[in-house]
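**Q** Sharing a structure, written as structure tokens. Questions coming.
The values are calculated or read from the model by the stated rules, or taken from the named source; none is laboratory data. Since the structure is predicted, the reported quantities are computational estimates derived from the model, not experimental observations. Don't worry about glycine lacking a Cβ; one is built from the backbone with ideal geometry, like all the others, and counts go over all protein chains shown.
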Amino acid sequence: MAEHLNAFNTVVSQLASVDIKMSEEDKCITLLCSLLDSWDNLVMAISSTSFVLKLEYIVASLLLEEMRHKSFEDPTNDALSVRGHSP
């Protein structure tokens with residue numbers, strides 16, 4: 001996700017350098033649309049909120065969701081583990 005966000009920010013910066021400004025909402029929508037299908041549940045959850053879209057909120061949500069996915073995929077990350085001691 002970090003690579004994807006870096007690439008997105010690079011494109012936004014390149015557009016700004018040629019005087020193409022994107023509104024906050026356009027950045028949010030573009031970022032959400034650029035995600036893989038595996039992110040559809042989060043995209044739908046974010047899109048269905050009645051709040052004004054904020055890029056920093058979306059980035060935080062994406063990074064949090066990625067951490068959550070990684071914690072489920074990592075077999076050494078057991079909720080019952082205590083510093084070096086597995087059940």
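**Q** Can you run down the residue pairs with Cβ atoms below 6 Å, 6 or more apart or on separate chains, where the first is in segment 45-74 and more than 23 Å from MET22 (Cβ to Cβ) and the partner is loosely packed, with under 13 Cβ neighbours inside 10 Å?
**A** Within 6 Å, the pairs are SER71/ASN77.
**Q** Within segment 47-71, track down each residue that is of a type in the set (Lys, Arg) and outside any helix (DSSP H, G or I).
**A** LYS54
**Q** Here is a further query. May I ask you to list pairs of residues, at least six apart or on different chains, whose Cβ atoms are under 8 Å apart, with the first in segment 14-30 being β-branched (Val, Ile, Thr) and the second being surrounded by 13 or more Cβ atoms within 10 Å (Cβ to Cβ) and assigned to a helix (DSSP H, G or I)?
**A** Partner pairs satisfying both residue conditions: THR30/PHE8.
**Q** Kindly evaluate MET44 against the criterion of being part of a loop (DSSP other than H, G, I, E, B) and at pLDDT 90 or above.
**A** Numbers: part of a loop (DSSP other than H, G, I, E, B): no; at pLDDT 90 or above: yes.
No.
**Q** Looking only at residues that are among the small types (Gly, Ala, Ser) and over 12 Å from LEU32 (Cα atoms) in segment 43-67, which one is nearest to the chain's Cα centre (by Cα)?
**A** ALA60
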